[in-house]
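K.L.:
Below is one structure. I have some questions about it.
The numbers here are math on the coordinates, done by the rules we state, and not lab data. All figures in this text were calculated on a predicted structure; none of them were measured in a lab. Heads up, the Cβs are rebuilt from the backbone with ideal geometry, glycines too, and the neighbour counts pull from every protein chain shown.
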């Protein structure tokens with residue numbers, strides 16, 4: 001038979017345990033709510049984290065690091081594009097194969113160099129580097145798509161065959177950055193219609209750009 005004192009002691013321990021787990025649950029919910037609130041706060045804005053000078057083989061740029069609540073994005077700015085029209089602009093996605101491993105299976109490195117050369121010649125322009133490896137699908141998707149690409153498929157079709165989106169990239173952050181830089185209109189160094197449509201939909205006027213040798217990426 002349980003004595004009165006033992007019963008109260010057990011009840012007290014149970015109550016403390018219940019209180020502890022209730023506090024844990026409340027704290028977890030608070031953190032989740034705080035995270036959701038911050039995500040919503042940054043959803044429609046871009047925040048400048050840092051800025052500095054960056055010397056390259058194609059001249060000196062202002063390197064500006066932005067954050068949109070999800071990812072960091074880098075803007076490389078040459079000259080003074082603020083308030084200017086028809087500013088040369090390259091929106092470039094990260095590529096480990098091209099920029100780190102010097103792969104000959106893509107032309108990402110060549111596209112970046114060509115854009116820097118054109119901006120250097122113009123004396124003014126912007127390159128926006130976005131963390132969107134594998135057309136936004138990630139590096140795993142890129143690796144899994146290689147077998148299909150080597151079988152003769154285009155890269156976009158190879159992603160689909162591997163079970164991923166043809167192009168999962170999102171260029172909204174680029175439009176926000178251009179607005180932050182107060183650019184009136186841009187001349188995109190690309191023939192990718194998705195980039196152009198995203199900028200236009202978000203209020204960035206586009207100026208005509210002569211046909212180039214860059215691929216739709």
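K.L.:
May I ask you to compute the full-extension gain from residue 99 to residue 153, defined as 0.36 nm times their residue separation minus their alpha-carbon distance, rounded to one decimal in nm?
P.N.:
Gain on extension, residue 99 to residue 153, equals 17.2 nm.
K.L.:
Applying 1/(1 + (r/R0)^6) with R0 = 35 Å to the Cβ-Cβ distance of residue 146 and residue 122, what FRET efficiency is obtained, to the nearest 0.05?
P.N.:
0.45
K.L.:
According to the square roots a ≥ b ≥ c of the eigenvalues of the Cα gyration tensor, what is the shape class of region 114-155, taking rounded for a/c under 1.5, prolate for a/b larger than b/c otherwise, and oblate for the remainder?
P.N.:
oblate
K.L.:
Please work out how much length the chain gains when fully extended from residue 207 to residue 48, using 0.36 nm per residue of separation minus the C-alpha to C-alpha distance, in nm with one decimal.
P.N.:
This chain segment gains 54.6 nm when fully extended.
K.L.:
Between residue 71 and residue 19, what FRET efficiency follows from the Cβ-Cβ distance if R0 is 25 Å, with the result rounded to 0.05?
P.N.:
Using R0 = 25 Å, I get an efficiency of 0.05.
K.L.:
What's the exposure ranking of 22, 198, going from fewest to most Cβ atoms within 10 Å?
P.N.:
22, 198
K.L.:
Let me ask something else about it. If neighbour count is taken as other Cβ atoms inside 10 Å, put 153, 112 in order from fewest to most.
P.N.:
Least crowded to most crowded, the residues run 153, 112.
K.L.:
If R₀ is 22 angstrom, what is the calculated FRET efficiency for the pair residue 191 and residue 131, using the beta carbon separation as r and rounding to 0.05?
P.N.:
Result of the calculation: an efficiency of 0.45.
K.L.:
Return 90, 109 ranked ascending by Cβ neighbour count within 10 Å, so the fewest neighbours appear first.
P.N.:
The order, fewest Cβ neighbours first, is 109, 90.
K.L.:
What nm distance separates the two modelled labels at residue 179 and residue 161, each placed 7 Å from Cα along Cα→Cβ?
P.N.:
Going from the residue 179 label point to the residue 161 one covers 4.0 nm.
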